[in-house]
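Okay, so here's the structure we're looking at.
All of the numbers you see were taken from the coordinates with simple rules; none came from a lab. Given the structure is predicted, the values throughout are model-derived calculations rather than measurements. FYI the Cβ positions are ideal-geometry reconstructions off the backbone, even for glycines, and counts take in every protein chain you see.
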Amino acid sequence: MANAIQSFDGMVGLAARDLLTGREIRINADAPFPTASAIKTAVLLEVYHRAKEGSVSLDETLTLRRTDKVGGSGVLKDLSDGTTWKVRDLAHLMIVLSDNTATNMLVERLGTKRIDARLEAYGLKRTKIFRPTFRDGRPDIHPELEREFGLGMSTPSEMAALMSTIAEGRAVDGSASEAMLTTLRAQNDRSMIRRYLPSQVRVGNKTGTDSEKLPDETGRRGAIRTDAAIV
């Protein structure tokens, strides 16, 4: 692995934790990275917290408006204006298809600041979402960080902690953690952590892809590839 990382034309961050033994592998684990769509797991966490509190119902319906629709991954952008969608179904689409429009509908309902406050309550102080998707340069919070990181930021160690919390049933409560894990296991993108794993290995994950927001000294904007998983 060390040879692969040394030969890689870019920066690698990795944090892996064995939940049975506590053994860890850490490479640039505390460095901040852009999350791209991997931050959508944080939105999922807030959905279930708010459902537990009673301020949002999983069966509450939100109306799809033309102004909600954005590009990139997902299916809602191609569906009819005025259709209604349950919060639980939007959460499913956000993770399983990485639907950007579903994400934006949920972020608007939940509030960016509330999502980030929840992450801080879990001790994830460097994991943040700055805005809805496809709204570059118009953040709800932290414009200086959004300019560099885009949709969201985190560190490998904090993303590992978030996934560990879900895996161990400590995210909201046991039933909510299990529901989140079920959704993560239905996620469709198998190009990263899942890629070389045997089909019988169960994986719940959320990937992200984007381009760097700021160019390097040569003017190049590198590719961003992220994945956080429970294996």
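In table form, for the structure just shown:
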quantity	calculated
Approximate spin-label separation Ala16-Arg195, in nm, with each point projected 7 Å along Cα-to-Cβ	1.4
Highest average packing first - 70-80, 10-20, Cβ atoms within 10 Å	70-80, 10-20
Dipole of the chain [Lys/Arg +1, Asp/Glu -1 at C-beta], most positive-end residue of Phe33, Thr207, Ile129	Thr207
Region 45-107: equivalent-ellipsoid semi-axes (sqrt of 5 x gyration tensor eigenvalues, Cα, Å)	20, 13, 8
Average projection area in nm² (convex hull over Cα atoms of region 165-226, one quarter of hull surface)	6.0
Sequence-separation-based contact order of region 86-231, relative, with Cα cut under 8 Å and 6+ spacing, percent	18
Residues in region 191-231 that a label on Met1 would reach, taking backbone N under 15 Å of a point 7 Å out along Cα→Cβ	193-194, 196-197, 227-231
Angstrom value of the Kirkwood radius, inverse mean 1/r, which spans all Cα pairs in region 3-63	15.2
Gained length - Glu53 relative to Arg26, 0.36 nm times residue gap less alpha-carbon distance	6.2 nm
Cα-Cα P(r), region 6-112, percent of pairs per 10 Å interval	13, 36, 25, 19, 7, 0
Per-bin percent of Cα-Cα distances, region 72-118 [10 Å]	27, 55, 17, 1
For the chain, size of Cβ-based charge dipole, Lys and Arg +1, Asp and Glu -1, in debye	220
The chain, helix-only ellipticity at 222 nm - DSSP H runs n ≥ 4, -39,500 (n - 2.57), divided by all residues, nearest 500	-10500 deg cm²/dmol
Relative contact order (percent, whole number), region 1-88, Cα cutoff 8 Å, 6+ residue spacing	18
Histogram of C-alpha separations across the chain, 5 Å bin width, %	1, 7, 14, 19, 21, 17, 12, 6, 2, 1, 0
